[in-house]
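The values are calculated or read from the model by the stated rules, or taken from the named source; none is laboratory data. In this text, all values refer to a predicted model and were calculated from it rather than measured experimentally. Counting neighbours? That spans all protein chains shown, and the Cβs are built from the backbone with ideal geometry, glycine included. Heavy atoms of the whole protein, side chains included, go into the accessibility calculation; ligands, DNA and RNA do not. Shrake-Rupley method; radii C 1.70, N 1.55, O 1.52, S 1.80 Å.
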Amino acid sequence: MIEIEFSNPVSVMNSDILNYLEVALMDGLYEPPIALDTLAKALRVNPMHSSAIEFKRNTLTYAVTVDSVLSRRDLKRFIQDYLTFGNGYFQVVRNVLGQVLRIKHIPALYMRRREDLGYTYKPRAYDDEGRVNFRNGQIFHLAEYDVAQELYGLPQHVSGLTSIWLNDDATLFRRQYYRNGSHAGYLLYMNEPSMTKETENDIRNKLQAKEGMAFKNLFVNAKGKDTKAPELKPIGQVEAKDSFKDVMNQTTNDVLSLHRVPLELMSVKREGITSSSDLNKIDHIFFKNELLPLIDSLSELNEFVGMDVITANKYESLE
């Protein structure tokens with residue numbers, strides 16, 4: 001009998017991130033509709049995704065003037081959280097008279113809503129070490145609107161997470177393919193009726209992929225059932241090199257469409273795409289269509305604390 005074993009089928013989605021119905025209440029805290037560490041990992045696996053967010057963060061930080069109660073460093077971190085998770089949190093520190101002394105950033109990754117709709121900082125999942133329960137009025141929460149629930153925000157790039165993972169999967173596959181000797185595994189076919197079971201197992205052990213490698217080698221012994229000569233055949237080859245480029249180009253286009261950041265401003269040049277020479281026009285359109293709406297959202301902090309903490313700067317051309 002010839003026995004061939006293949007790996008179990010795997011879903012094309014890394015996780016069912018889009019199939020949520022509601023936020024779950026666990027131990028008195030509401031969990032976000034999408035695991036925040038999933039969004040954090042997406043930032044690390046796709047260079048165009050992270051570059052676009054960092055570009056928006058940097059340009060937005062210096063497109064506004066901030067009061068001394070808020071440091072530019074904390075504003076930068078707040079914007080990074082807001083663009084990555086769809087949620088940004090500030091802690092407002094007041095004196096006994098209610099005057100604002102300081103506004104500091106609280107990492108969104110560990111912030112949760114309580115059952116009473118208050119805010120809790122919980123850095124550890126399985127115990128309460130480092131937990132802080134904030135009082136009403138202490139936390140300013142800027143959330144990107146989600147049509148399915150109103151406790152947490154969702155980032156605008158949620159719809160492109162599948163493209164981000166596909167881009168990462170294509171890169172990892174290509175890397176493993178080169179590490180494996182530019183092939184995706186071999187099928188060793190033999191037709192030796194006298195071969196013992198011990199010899200077959202020994203051959204299988206030697207054909208096993210090295211630790212950390214993604215591809216498998218297969219061994220088949222027909223035991224004299226036909227007259228074919230032994231042969232070593234590649235299981236799969238990536239002969240069409242353009243297929244890798246196609247995947248990378250398409251997923252990159254998806255990511256750029258999500259963030260709506262002009263390539264010219266990011267200092268990125270793509271093959272087959274002609275850049276515009278009028279950078280002032282591109283920069284002004286980006287400022288008007290992308291930065292001003294974000295500045296308007298950030299300005300909600302002014303109403304929350306009762307003073308002008310964030311003020312939009314007048315647009316200045318690149319010249």
Pick out the one residue from Tyr89, Tyr82, Tyr178, Tyr145 that is open to solvent by 70 Å² or more (accessible area, probe 1.4 Å) and within 21 Å of the chain's Cα centre (by Cα).
-> Tyr145
Taking the condition within 22 Å of the chain's Cα centre (by Cα), assigned to a helix (DSSP H, G or I), under 30 Å from Lys104 (Cβ atoms) and modelled with pLDDT of 90 or more, does Glu290 pass?
-> yes
Test: residue in segment 153-169 that is assigned to a loop (DSSP other than H, G, I, E, B) and over 30 Å from Ser71 (Cβ atoms) | no
Spot the failing condition for Ala42; the list is (1) farther than 26 Å from Leu265 by Cβ; (2) crowded, with 16+ Cβ neighbours inside 10 Å; (3) not charged (D, E, K, R), and only one is missed.
-> (1)
The lone condition Asp127 fails out of (1) charged (D, E, K, R); (2) modelled with pLDDT of 90 or more; (3) part of a loop (DSSP other than H, G, I, E, B) is (2)
Leu29, sole failed condition from (1) open to solvent by 80 Å² or more (accessible area, probe 1.4 Å); (2) over 28 Å from Gly306 (Cβ atoms) = (1)
Among residues belonging to segment 222-261 that are of a type in the set (A, V, I, L, M), at pLDDT below 70 and open to solvent by 40 Å² or more (accessible area, probe 1.4 Å), point out the one that is farthest from Thr196 (Cα to Cα).
-> Ala240
From Thr59, Thr120, residue being under 27 Å from the mean Cα position of the chain (by Cα), of a type in the set (Ser, Thr, Tyr) and open to solvent by less than 30 Å² (accessible area, probe 1.4 Å) | Thr120
Restricting segment 285-301 to residues that are among the polar types (S, T, N, Q) and surrounded by 12 or more Cβ atoms within 10 Å (Cβ to Cβ), the residue that is farthest from Gly98 (Cα to Cα) | Ser297
Please work out which residue is modelled with the highest pLDDT, limiting yourself to segment 262-287 and to residues that are within 24 Å of Gln80 (Cβ to Cβ) and among the acidic types (Asp, Glu).
-> Asp283
Taking first residues from segment 151-167 that are surrounded by fewer than 21 Cβ atoms within 10 Å (Cβ to Cβ) and second residues anywhere that are hydroxyl-bearing (Ser, Thr, Tyr) and at pLDDT below 90, the pairs with Cβ under 6 Å that are 6 or more apart or on different chains are Leu166/Thr251
Determine which member of the set Phe304, Phe219 is open to solvent by less than 60 Å² (accessible area, probe 1.4 Å) and at pLDDT 70 or above.
-> Phe219
What number goes with the only condition from (1) closer than 15 Å to His259 by Cα; (2) modelled with pLDDT under 95 that Asn95 does not pass?
-> (1)
Residue tally, condition free of Cβ contacts under 8 Å to residues at least 60 places away in the same chain and either among the polar types (S, T, N, Q) or touching a strand residue (DSSP E or B) at 6+ places or on another chain (Cβ under 6 Å) (or both), over segment 51-71 | 4
